[in-house]
2 protein chains.
Amino acid sequence: MFKIHFQLERDCVLIGHFPLSSLLLNLDAHYPWFILVPQREDITEVFQLNEQDQRQLMIESNTLSALLYEHFQADKMNVAALGNVVSQLHVHHIVRYRDDPCWPQPVWGVVSATPYTEKTMLMRLEKLTAKLALIGCTVCWAAHPAE
Amino acid sequence: MFKIHFQLERDCVLIGHFPLSSLLLNLDAHYPWFILVPQREDITEVFQLNEQDQRQLMIESNTLSALLYEHFQADKMNVAALGNVVSQLHVHHIVRYRDDPCWPQPVWGVVSATPYTEKTMLMRLEKLTAKLALIGCTVCWAAHPAE
């Protein structure tokens, strides 16, 4: 049974689900940093997905990238499947700005993560979620969970 | 007219051409590090390609990754479209090993590049080029160019 790797669960919050992939927000408030995790067991490389899933991942990745680029007025998107630490296939989609903390370097291992507050996460996500729904994401994140 | 960015030309050697993308070898002998550059003008993000080109890039990227993974007996592939320094769209395909110089970190900015010698480049490429031809790459690199 597919299960998101515990290190991704620990470092991220679940935002929703595309037909193939779960969408996570990485808990580093320095950047709008999202991760797609195809809901398939025992896959570490994109080419190990079957052809239909490869096409679906491409659609989800490119649609998500275009949305993030426009919504956050990015200078550049960084899209990467690395997996040296967590080998479960996951694809980073990171919005980069020329004045962000480690531009022009890649984000990994340069600057320590800065946590979100309830307010900064709300600011980052509240207007995005409606747009995610329009591109086929079933959003499960809510600003005010039932108490 | 499409032209490969001068920084990519300076840092890489041209290996051949897929239907959409030029294939480069990055001149850092630490890793088998290849780069696909779609031959399209003024594109910085994958989602800016038209749909047919997006599909073609996916095919070229996944076919190349699978070949490199098998040929070099990789522990992990790192596949990434970053472009913070050179914004022209280019997709890194880097063969990673658990004992390579910066595992498990990403390769950028950690260890200085080590140049190829004629011999080490020949060792890296000579058996690969025939396999590249089998997956649709028109190879132009030759071990012994005409003098």
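The values are calculated or read from the model by the stated rules, or taken from the named source; none is laboratory data. What you are looking at is a predicted structure, and each value in this text was computed from that prediction instead of being measured. Note that each Cβ is placed from the backbone with ideal geometry, even for glycine, and that neighbours are counted across all protein chains shown. Calculation scope for accessible area: heavy atoms of the full protein, side chains included, ligands and nucleic acids excluded. Shrake-Rupley method; radii C 1.70, N 1.55, O 1.52, S 1.80 Å.
Observations on the structure shown:
- Selection count, segment B:59-70, where residues are facing chain A (nearest Cβ under 7 Å), open to solvent by less than 30 Å² (accessible area, probe 1.4 Å) and hydrophobic (A, V, I, L, M, F, W, C): 0
- Qualifying positions in segment A:121-147 - open to solvent by 70 Å² or more (accessible area, probe 1.4 Å) and either in a helix (DSSP H, G or I) or under 16 Å from A:Asn26 (Cβ atoms) (or both): A:Met123, A:Leu134
- Selected residue (criterion: farthest from the other protein chains (Cβ to nearest Cβ)) from residues of segment A:22-49 that are open to solvent by less than 30 Å² (accessible area, probe 1.4 Å) and among the polar types (S, T, N, Q): A:Ser22
- Among residues of segment B:95-111, those that are under 24 Å from A:Cys102 (Cα atoms) and either of a type in the set (Lys, Arg) or at the interface with chain A (Cβ under 7 Å from one of its Cβ atoms) (or both), counted: 7
- Residue identified as among the small types (Gly, Ala, Ser) and farther than 30 Å from B:Val110 by Cα among A:Ala113, A:Ala142: A:Ala142
- Tally, over segment B:71-90, of residues that are closer than 25 Å to A:Tyr69 by Cα and at the interface with chain A (Cβ under 9 Å from one of its Cβ atoms): 9
- Any hit, segment A:110-120, residues being without any contact (Cβ under 8 Å) to a residue 24 or more places away in the chain and part of a helix (DSSP H, G or I): yes
- The condition of being open to solvent by 60 Å² or more (accessible area, probe 1.4 Å) and not in a strand (DSSP E or B) holds for only one of B:Gln52, B:Gln56, B:Gln88, that being B:Gln52.
- From the list B:Thr44, B:Thr63, the lone residue that is at negative phi, of a type outside the set (Lys, Arg) and part of a loop (DSSP other than H, G, I, E, B) is B:Thr44.
- Residue list for segment B:26-41, restricted to those being charged (D, E, K, R) and either under 23 Å from A:Tyr69 (Cβ atoms) or in a helix (DSSP H, G or I) (or both): B:Arg40, B:Glu41
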